[in-house]
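K.L.:
Here it is, the structure, as structure tokens.
The values are calculated or read from the model by the stated rules, or taken from the named source; none is laboratory data. Predicted model only: the values in this text are computed from it and were never measured. Cβ placement follows ideal geometry from the backbone for every residue including glycine, while neighbour counts extend to all protein chains displayed. Accessible surface areas use protein heavy atoms only, side chains included; no ligands, DNA or RNA. Shrake-Rupley method; radii C 1.70, N 1.55, O 1.52, S 1.80 Å.
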Amino acid sequence: MSDVRVIEYEDQGTWVLGLELNRDANAKAQFINQEGKTVRIHPQRITRRYSATVRLTRDGGSFLSDLAREVAALQPAIDLCTLWELVQPDGERMSVEDLCDLALPLTDLPAQIALFRSMREKPMYFRINKDDTIVPREPETVSAMLVQEAQLQSQNRQKTEFVERVVACLREGRTATRQELTPTALLDSLRGFSLSGDEETRWLSAAQITTRIAQDTQIPLTPLPLAAFTILQRLGVFGPLDCPAVCSLAAPEHFPPEVLAQAQIATQKLGVCTTGTIVTIDDEETRDIDDAVSLVTRPDGCIEVRVHIADPGAGLEVGSPIETEARVRATSIYLPTRRIPMMPETISEFGFSLIAGEPRAVLTYVAVINPDGEVVASHIEAGAIRVSNRLSYDEADASLGGSRSLGEDVDLLLRELLRITRILQAQRVARGAIDLKLPEAKVRVNAQGEISIKVLEADSPSRAIVSECMILANTIAGRTARAEHLNVIYRTQKPPESPLPMHDDSSGMFQLVRKLKKGELSCHPGPHFGLGVDVYLQASSPLRRYSDLLASLQIRAWLLGLPQPFEPADLMPILGNAEAVADEVSRVERKSTRYWLLEALARRSGTVTALVLESSPKLRAQVLIEDMALRVYVQVPRVIPVGERMSLRVTHVDPLRDQVVLDHVQIL
């Protein structure tokens, strides 16, 4: 038998009763919960200590259970509104006993607890002071709080109805109608939470809704934002080919009317058109073709490598709707499921694109190469060309490999280009350039969800030609801009801080990439370590990247003797936007590609072959699934040397959560 005090404390979001066994200042307080167990309760969790002591003559747990039932039975009899109307005119402080006597009328401990709970649940009528005296609120305050309470109840009712409608749709396996997804504020908060997590301003409410829906529909709860994405995808808010990275992309897919209107009437000012054997080499599906190449043999034995780059400046002006929109978008975006262009297709794929047989304005970057393979001179020309042949990489490789003829002139051009570009590449490597040949997957997903994966050949001769010609043209652009003090945005890269590892194979390549510093955009010229050039200005993709378009516009104005359209002060905001968009687009393209590679892996059965890129003593290895160019981590039975190949069995893949489980089978 002992004297105790009843307390009320918070436990997992609800208020429960407990017993405080002693209040000795020299000893830690002990508490009994409603299960009769002695527990420790942090002082901040205790919301109220009732002043009257209780002589405990039985088990504490049963006492608290009986007390809780008495309190629950008394609460419905308490009408706070009527009680407030009765005492408010006096406006005096009152004790809990006095109010209990008026409200019930009872004044014992269960009545006091019931009254305090009622006032906590409906705080608009009375204010509880620190000394436990109670004061009726002013009428204006009560009115305002009642309005707030009504609004809150309405919101909670809307949430409950929203959850019920969504759960019904998911259980029936159908998409939701617009009416079923009202109010739109709840849908918007759920969408924002699914893409931004706790960065969404209404994330707590969205998290609660997600939890309720997921629990009722057996959708995995972790991580919670992906549970919200799954819910919205099944409801039809997100498409079946969407993934969170793509849905979070802020880039608009449609152009404003004024941009489309200008694109319909945009024409290029063309001069005399250069003809001859001029070829473009691209992927088969490429439509925005912005580069072509040709060769000219001079009487002195030197060869001119002529890299022709589309010249949008011949058909649009700075400040026009198209240029302004391109400045905001900053780049075209290439996703497995779709493409979001920087400029309308009317001009990026037709009017300004270097389509075979059509006259097009270009800026031509000319490198004069002597018989020893040295670049002895270079310059830039503004003009027009008519492409003679459009080639795919596969067609060009077949010609270079001797398995297919594209015509004597084209075959000869490709062989000579390969000879020259190999010399140029060797010169760059001698200057310290890194010849990276990382496997890369090109992933495409059609409207039916069918996935095609093509691992680009690292040793493709035609890709080497295009790559070296673009590096050559951009180096010429950079040196010209530096010499003429043009206001442009350069691409630079600082050297690594430690020696680079050997990189003879794919595993060595990945180790090397980790050592390289990230390339940077700069308003000031500087060397590019990885390319082995003293200055580099990306100007070869003006239909796809705004920094290239800016360079093209500046160079064109300089060639024509006109003032530069952009002053130095104009570059910083453009640079800031270009960097921010480039980082975001790179992230989205990378995550979207990985999502669909994992989806393709999930659809496979049996085993896959993988190359070990990194091995840890903790029996965890990073491997490359070579026929997909996909890197994943796997558990291994022992430390496996880097460079070894192993067979792995596909056990579990969740593309949405980036989860992969591959079981080790054997070392190959």
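K.L.:
As an exercise: evaluate V623 against (1) open to solvent by 10 Å² or more (accessible area, probe 1.4 Å); (2) modelled with pLDDT under 95; (3) not hydroxyl-bearing (S, T, Y) and give the number of the one condition it does not meet.
P.N.:
Condition not satisfied by V623: (1).
K.L.:
Considering every residue within the range 265-277, establish whether at least one is crowded, with 20+ Cβ neighbours inside 10 Å and of a type in the set (V, I, T).
P.N.:
Checked against the condition, which is being crowded, with 20+ Cβ neighbours inside 10 Å and of a type in the set (V, I, T), the range 265-277 yields no hits at all.
K.L.:
Go over the candidates L186, L241, L249 one by one and state the one that is touching a Ser or Thr at 6+ places or on another chain (Cβ under 6 Å), over 30 Å from P461 (Cβ atoms) and crowded, with 17+ Cβ neighbours inside 10 Å.
P.N.:
None of the others qualify; the one that does is L241.
K.L.:
On to the next question. When you scan the range 291-302, how many residues do you find that are open to solvent by 20 Å² or more (accessible area, probe 1.4 Å) and either at pLDDT below 95 or more than 44 Å from the chain's Cα centre (by Cα) (or both)?
P.N.:
6
K.L.:
Still on this structure: Please work out which one of (1) open to solvent by 50 Å² or more (accessible area, probe 1.4 Å); (2) free of Cβ contacts under 8 Å to residues at least 60 places away in the same chain; (3) in contact with a strand residue (DSSP E or B) (Cβ under 7 Å, 6 or more places away or on another chain); (4) small (G, A, S) is the condition A377 fails and give its number.
P.N.:
(1)
K.L.:
May I pose another question? Among what's in the range 447-475 and is part of a strand (DSSP E or B) and not hydrophobic (A, V, I, L, M, F, W, C), pick the residue that is most open to solvent (accessible area, probe 1.4 Å).
P.N.:
K454
K.L.:
Let me ask you something else. Can you name the residue in the range 334-361 that is assigned to a strand (DSSP E or B) and out of contact with any Leu (no Cβ under 7 Å at 6 or more places or on another chain) and is also least open to solvent (accessible area, probe 1.4 Å) among such residues?
P.N.:
If we take residues in the range 334-361 being assigned to a strand (DSSP E or B) and out of contact with any Leu (no Cβ under 7 Å at 6 or more places or on another chain), then I340 is least open to solvent (accessible area, probe 1.4 Å).
K.L.:
Would you be able to tell me the number of residues in the range 537-553 that are touching a helix residue (DSSP H, G or I) at 6+ places or on another chain (Cβ under 7 Å) and either over 24 Å from M343 (Cα atoms) or open to solvent by less than 10 Å² (accessible area, probe 1.4 Å) (or both)?
P.N.:
10
K.L.:
Moving to a separate point now. Give the range 253-312 a look and list any residue that's free of Cβ contacts under 8 Å to residues at least 60 places away in the same chain and not aliphatic (A, V, I, L, M), or say none.
P.N.:
Across the range 253-312, the qualifying residues are H254, P257, T286, T297, P299, D300.
K.L.:
Within the range 399-446, work out how many residues are assigned to a loop (DSSP other than H, G, I, E, B) and touching a residue at least 24 places away in the same chain (Cβ under 8 Å).
P.N.:
Here the count works out to 8.
K.L.:
For the range 106-118, enumerate the residues that are open to solvent by less than 20 Å² (accessible area, probe 1.4 Å) and in contact with an Asp or Glu (Cβ under 6 Å, 6 or more places away or on another chain).
P.N.:
Within the range 106-118, just P110 meets the criteria.
K.L.:
Follow-up question, since we're still on this one. Looking at the range 38-63, I want the residues that are within 21 Å of D108 (Cα to Cα) and have a partner that is at pLDDT below 85 and among the hydroxyl-bearing types (S, T, Y) with Cβ atoms under 6 Å, at least 6 apart or on another chain. Which pairs are those?
P.N.:
Filtered contacts from the range 38-63: L56/S2.
K.L.:
Among the residues of the range 191-205, are any surrounded by 19 or more Cβ atoms within 10 Å (Cβ to Cβ), farther than 13 Å from F229 by Cβ and small (G, A, S)?
P.N.:
No - not one qualifying residue is present in the range 191-205.
K.L.:
Can you name every residue in the range 212-237 that is in a helix (DSSP H, G or I), more than 11 Å from S189 (Cβ to Cβ) and within 23 Å of the chain's Cα centre (by Cα)?
P.N.:
L224, P225, L226, A227, F229, T230, I231, L232, Q233, R234, L235
K.L.:
Kindly indicate the residue of the range 303-333 that is surrounded by fewer than 18 Cβ atoms within 10 Å (Cβ to Cβ) and over 23 Å from G576 (Cβ atoms) and also modelled with the lowest pLDDT among those meeting that condition.
P.N.:
E317
K.L.:
Which one of these does Q112 not meet: (1) within 48 Å of the chain's Cα centre (by Cα); (2) in a helix (DSSP H, G or I); (3) in contact (Cβ under 8 Å) with a residue 60 or more places away in the chain?
P.N.:
So Q112 meets the others, but not (1).
K.L.:
Something else now. Quick one: count up the residues across the range 391-437 that are open to solvent by 70 Å² or more (accessible area, probe 1.4 Å), small (G, A, S) and over 26 Å from I476 (Cα atoms).
P.N.:
Summing the residues that are open to solvent by 70 Å² or more (accessible area, probe 1.4 Å), small (G, A, S) and over 26 Å from I476 (Cα atoms) in the range 391-437 gives 2.
K.L.:
Would you be able to say whether some residue in the range 122-140 is at pLDDT 90 or above, surrounded by 16 or more Cβ atoms within 10 Å (Cβ to Cβ) and in contact with a Gly (Cβ under 9 Å, 6 or more places away or on another chain)?
P.N.:
yes
K.L.:
Working only within the range 650-668, note down all residues that are under 15 Å from R603 (Cβ atoms), outside any loop (DSSP other than H, G, I, E, B) and touching a residue at least 12 places away in the same chain (Cβ under 8 Å).
P.N.:
Once the filter is applied, which keeps residues that are under 15 Å from R603 (Cβ atoms), outside any loop (DSSP other than H, G, I, E, B) and touching a residue at least 12 places away in the same chain (Cβ under 8 Å), the range 650-668 yields V650, T651, V653, D654, V660, L662.
K.L.:
Separate question: Going through S647, S592 one at a time, which residue ends up being crowded, with 19+ Cβ neighbours inside 10 Å and hydroxyl-bearing (S, T, Y)?
P.N.:
Selected residue: S592, the only one of S647, S592 that is crowded, with 19+ Cβ neighbours inside 10 Å and hydroxyl-bearing (S, T, Y).
K.L.:
Pairs please, first residue from the range 449-460 and within 19 Å of G239 (Cβ to Cβ), second anywhere and modelled with pLDDT of 90 or more and open to solvent by less than 50 Å² (accessible area, probe 1.4 Å), Cβ atoms under 7 Å, 6+ apart in sequence or on different chains.
P.N.:
Filtered contacts from the range 449-460: G449/L241; I451/V443; I451/V445; I451/W596; I451/E599; I451/A600.
K.L.:
Hey, does the range 476-485 have a residue that's more than 30 Å from M572 (Cα to Cα), assigned to a loop (DSSP other than H, G, I, E, B), without any contact (Cβ under 8 Å) to a residue 24 or more places away in the chain and not hydrophobic (A, V, I, L, M, F, W, C)?
P.N.:
no
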